[in-house]
Every structure is written in C-alpha cells, then in structure tokens.
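I have placed the structure first, in the form of structure tokens, so that the comments after it can refer back to it.
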C-alpha cells in the first residue's frame, strides 16, 4: 500500500512562485530597456523638421524668446515687417514653455498670430530655436 495520499503534490526544481518572479524580472528588464531606448531616441533625434508650407505662407518669420509667463520677445526677424522687442501674440498653450523659438507669423485684424500649419485641421506650430532649426530657416528664407 502506498503511504502518500493520492492528491499529494510533488515539488519540482522550478516552482510556480520562482517562475512568476523570473517572468516579472524579465518583463521589468525589457520594459526599462524599451523606455531607455525611447528616451535615447528622443534625446538624439533631429528636430530640424520644419513645415515648409507653413513658413512659405507666413507673412513673417522670427526668432523669439518666450518668458515664464508667456510673454514673447522678438530677437531676430528673418522675414516680415516685425520690430524686434515685445510682441503681443497668443502663444499656444500646448507649447507654452520658456525658451527660444522660431515662430512663423501671419497678420490678422489685430496684429500677429502664429501661422496655421496645413496639417490635419491646422495647428499652430513653433520650432525650438536649435542650431539645426536656425540653419534650416536661413536656407528657407535665403539669408
């Protein structure tokens, strides 16, 4: 007669708990690797993609500094009749952050606004004023 009960379980070298822990560790390593790769790609990406049609359709193209409170101060004018100095424009909330930007402008009834880019329903794109973007602007406006 067998002394072990019929429903007794036998221990295997790799229990269910250790397999679950191993899978969790593998998932964490893969996930961290994936996010690290995405971060590296974002940090090293080439931000010189400029919507050329938006620039061509603009009445003015400027380099401006956006302050902490959203004030815009024009530093350089590539094209158009804009005076360097403070500029009263509505800066899009989704891109409002302090920094230097290349801003394509269009005249409206009250002054200036950011030119709509002809993509989707039209968005008001501005571009970080990196060396590559400034170089691209000089090429586009023949400076």
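The values are calculated or read from the model by the stated rules, or taken from the named source; none is laboratory data. Predicted model only: the values in this text are computed from it and were never measured. All Cβ positions, even for glycine, are placed from backbone atoms using ideal geometry, and neighbour counts span all protein chains on display.
Taking the criterion of being closer than 17 Å to residue 137 by Cα, modelled with pLDDT of 85 or more and part of a loop (DSSP other than H, G, I, E, B), would at least one residue in the range 96-117 satisfy it?
Yes, that holds for at least one residue.
Does the range 41-48 contain at least one residue that is surrounded by 10 or more Cβ atoms within 10 Å (Cβ to Cβ), under 21 Å from the mean Cα position of the chain (by Cα) and either closer than 21 Å to residue 126 by Cα or modelled with pLDDT of 85 or more (or both)?
If we filter the range 41-48 for residues that are surrounded by 10 or more Cβ atoms within 10 Å (Cβ to Cβ), which is where we start, we get 47-48.
Then keep just the ones that are under 21 Å from the mean Cα position of the chain (by Cα); that gives 47-48.
Subset that is either closer than 21 Å to residue 126 by Cα or modelled with pLDDT of 85 or more (or both): 47-48.
Looking through the range 41-48, at least one residue is surrounded by 10 or more Cβ atoms within 10 Å (Cβ to Cβ), under 21 Å from the mean Cα position of the chain (by Cα) and either closer than 21 Å to residue 126 by Cα or modelled with pLDDT of 85 or more (or both).
Residues of the range 119-133 being closer than 21 Å to residue 89 by Cα and out of contact with any helix residue (DSSP H, G or I) (no Cβ under 9 Å at 6 or more places or on another chain), which ones?
Answer for the range 119-133, where residues must be closer than 21 Å to residue 89 by Cα and out of contact with any helix residue (DSSP H, G or I) (no Cβ under 9 Å at 6 or more places or on another chain): 121, 122, 128.
For the range 74-86, does any single residue satisfy the condition of being assigned by TED's automatic domain parsing to the domain that holds residue 56, surrounded by 19 or more Cβ atoms within 10 Å (Cβ to Cβ) and either in a helix (DSSP H, G or I) or modelled with pLDDT under 85 (or both)?
no
If I ask for residues that are farther than 15 Å from residue 76 by Cα and part of a strand (DSSP E or B), which ones from the range 118-135 would you list?
123, 124 - these are the residues of the range 118-135 that are farther than 15 Å from residue 76 by Cα and part of a strand (DSSP E or B).
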